[in-house]
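Here the structure is laid out as structure tokens; the discussion comes afterwards.
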Amino acid sequence: HKSGLAILLCPKKEFSTSYALFATKYGSVDTCFKTNKQDEFVTVPEGIAHFLEHKLFENEDGDAFSLYAKTGASANAYTSFDRTAYLFSCTDNFESSLEILLNFVTSPYFTAETVQKEQGIIGQEIKMYDDNPDWRVFFNLLGLLYKNNPVRIDIAGTVESISKIDADLLYRCYNTFYNLNNMVLAIAGNFEVETVIRLADKILKKSEDIEIDYKKADEPFEVASKYKEQILHVAVPLFQIGFKATPQDAASNLKNQVLDEILLEVIAGEFTPIYRKLYDSGLINATFVGEIMSGRDYICSIFSGESRNPQQVYDELCAEINRIKAQGIDDKIFRLAKKSTYGSYIGMFSRVEAVAGLMLLSHFSGVNMYDLPEIVADATIEQLNDRLKHSFDTSRSALSVVASAPLSAQ
């Protein structure tokens, strides 16, 4: 668009709903940056991207949620490690809902009073997450895998770090990262393309194109630590097992993520011998799942679930990974894993929120969305045997556990 904003549209008239994402390539890891107009890097408090997301919903006249209440749209927002997104879904009143979205995200309003009020609200949210077992088992794992990468820090920051945020810092971050050249509008579902373009022409002002430079953390090859156990109230101990891989550029990371997703299935998909063994012996239950997490400067693989003996699950999984490396991937399991992963990607194209999310992810990574299922289809057993050595290195792995009482000394 002439404003500088990338607009990605996927009209699907056969759907009753529309789903819109207005996002910036700015997340919790972006705490040290400068633009081509500045000589020095600026370091901002941890949690500021998430804080800014909260504040943007407010303006002098109230907040965006009260406006959405009149259109009937369901609205939300989220901050991740490397992006912030504002979204809504609706079955009607698409035009008025999109107008609200474009207006409030491009109209920041921060004052000392509103910032101070928000510090109290987000401070309470942080304390709540400090006692959340699922959240703690995850961030404890990232703290084990990463020594310096800011991905190890809670997205919301700490009570101490957010106390340093003021209106001037919020405007500085906003003016840097909410430049329309750094943003994308992704919409999928039942809507008219002309409506989107007309509203964009009416509301969006041309942004000066700036280059943003990020200070990269000096992250060592090895993991920071191997094991952490935290005591919180849970019925069954929670665990996360992580494998640290070496990141490349954003496009390569996303392509490698797809290959690693196939490998999750190869190693411990529901059709594998190790899954049956762990499940039948009661070491894991139906909560057991694998996921890949990748971004600009990080990529890791995670297995998570509940177990009375997380250390044994970790030992068995590492032994199985080393066995597969030594013997090579079984051809039948390879075909099943490919089929399962391909099915997951094709299934995404039947859900408007998944299509919008894929458009956003692939645009920010510099990859074509339709290439992702093709990466799965084209994957070879040789390619995966090679990738397995790099992405599932058991010497670069860690185990995070949350339990109600200390487990036997590890």
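Throughout, read-outs are computed from the coordinates displayed, never taken from laboratory work. As the structure is a prediction and not an experimental result, all values here were calculated from the model. Here Cβ is always computed from backbone atoms with ideal geometry, including for glycine, and neighbour counts include all displayed protein chains.
Need the C-alpha centroid separation for region 227-267 versus region 350-410, integer Å.
Rounded to whole Å, the Cα centres lie 7 Å apart.
Out of every Cα-Cα pair in region 268-410, what percent are more than 23 Å apart?
Summing the P(r) of region 268-410 above 23 Å gives 45 percent of all pairs.
Per the helix-only calculation at 222 nm, which mean residue ellipticity applies to the chain, given -39500 (n - 2.57) for every DSSP H run of n ≥ 4 and division by its residues, nearest 500 deg cm²/dmol?
-14000 deg cm²/dmol
Give me the compactness ratio for region 6-214, meaning the Cα radius of gyration over 2.2 N^0.38 Å.
Relative to the 2.2 N^0.38 Å estimate, region 6-214 comes out at 1.06.
Once you have the Cα-Cα distance between LYS226 and LYS70, take 0.36 nm times their residue separation minus that, and quote the gain in nm to one decimal.
51.0 nm
Could you tell me the relative contact order of region 6-214? Use alpha-carbon pairs under 8 Å, at least six residues apart, and round to a whole percent.
About 40 percent, as a whole number.
Would you please give the FRET efficiency between LYS34 and HIS54, computed as 1/(1 + (r/R0)^6) with r the Cβ-Cβ distance and R0 = 30 Å, to the nearest 0.05?
After rounding to 0.05, the efficiency reads 0.75.
State the extension gain, in nm to one decimal, for the chain segment bounded by ASP63 and LYS205, taking 0.36 nm per residue of separation less the distance between their alpha-carbons.
Extending this stretch completely gives an extra 48.9 nm.
Rule-of-thumb check for region 338-394: C-alpha Rg over 2.2 N^0.38 Å?
1.29
Roughly how many debye, to the nearest 20, is the charge dipole of region 227-403 about its Cα centre, given +1 on each Lys and Arg Cβ, -1 on each Asp and Glu Cβ, and no other charges?
The calculation lands at about 180 debye.
Expressed as an acute angle from 0 to 90° and rounded to the nearest 10, what is the orientation of the C-alpha long axis of helix 193-203 relative to the principal long axis of the chain?
60
Tell me which of SER225, LEU145, GLN311 sits at the most positive position along the dipole axis of the chain, charges placed on C-beta atoms (Lys, Arg +1; Asp, Glu -1).
GLN311
Any chance you could run the full-extension gain for THR91 through ARG323? It's 0.36 nm times the residue separation minus the Cα-Cα distance, nm to one decimal.
Full extension of this stretch gives 78.4 nm more.
Run the dipole for region 33-142 about the Cα centre, Lys and Arg Cβ at +1, Asp and Glu Cβ at -1, nothing else charged, and hand back the magnitude in debye, nearest 20.
Here region 33-142 has a charge dipole of around 180 debye.
Please report, to one decimal in angstroms, the Kirkwood hydrodynamic radius of region 11-80 built from all distinct Cα-Cα pairs.
Kirkwood radius, region 11-80: 15.2 Å.
In units of 2.2 N^0.38 Å, what is the alpha-carbon radius of gyration of region 215-315?
1.20
Grab the beta carbon distance between PHE349 and ASN181, set R0 = 35 Å, and tell me the FRET efficiency rounded to 0.05.
Result of the calculation: an efficiency of 0.80.
Output needed: percent of Cα pairs per 5 Å distance bin for region 50-159, bins running from 0 to the one holding the longest distance.
Percent of Cα pairs in each bin: 2, 10, 18, 18, 17, 13, 11, 7, 2, 0.
Taking the Cα centre of the chain as origin and charging only Cβ (+1 Lys, Arg; -1 Asp, Glu), how large is the dipole, in debye to the nearest 20?
In total the dipole reaches around 660 debye.
Rounded to the nearest 10 degrees, what's the angle between the helix 331-348 long axis and the longest principal axis of the chain, both from Cα atoms, 0 to 90?
So the helix axis and the longest Cα principal axis differ by about 20 degrees.
Helix 94-105 against the longest principal axis of the chain: what's the angle in degrees, Cα atoms only, rounded to the nearest 10?
Taking the Cα atoms of the chain, the angle to 94-105 is about 90 degrees.
Please report TYR345, TYR26, TYR370 as a ranked list, fewest other C-beta atoms within 10 angstrom at the top and most at the bottom.
The fewest-first ordering by Cβ neighbours comes to TYR370, TYR345, TYR26.
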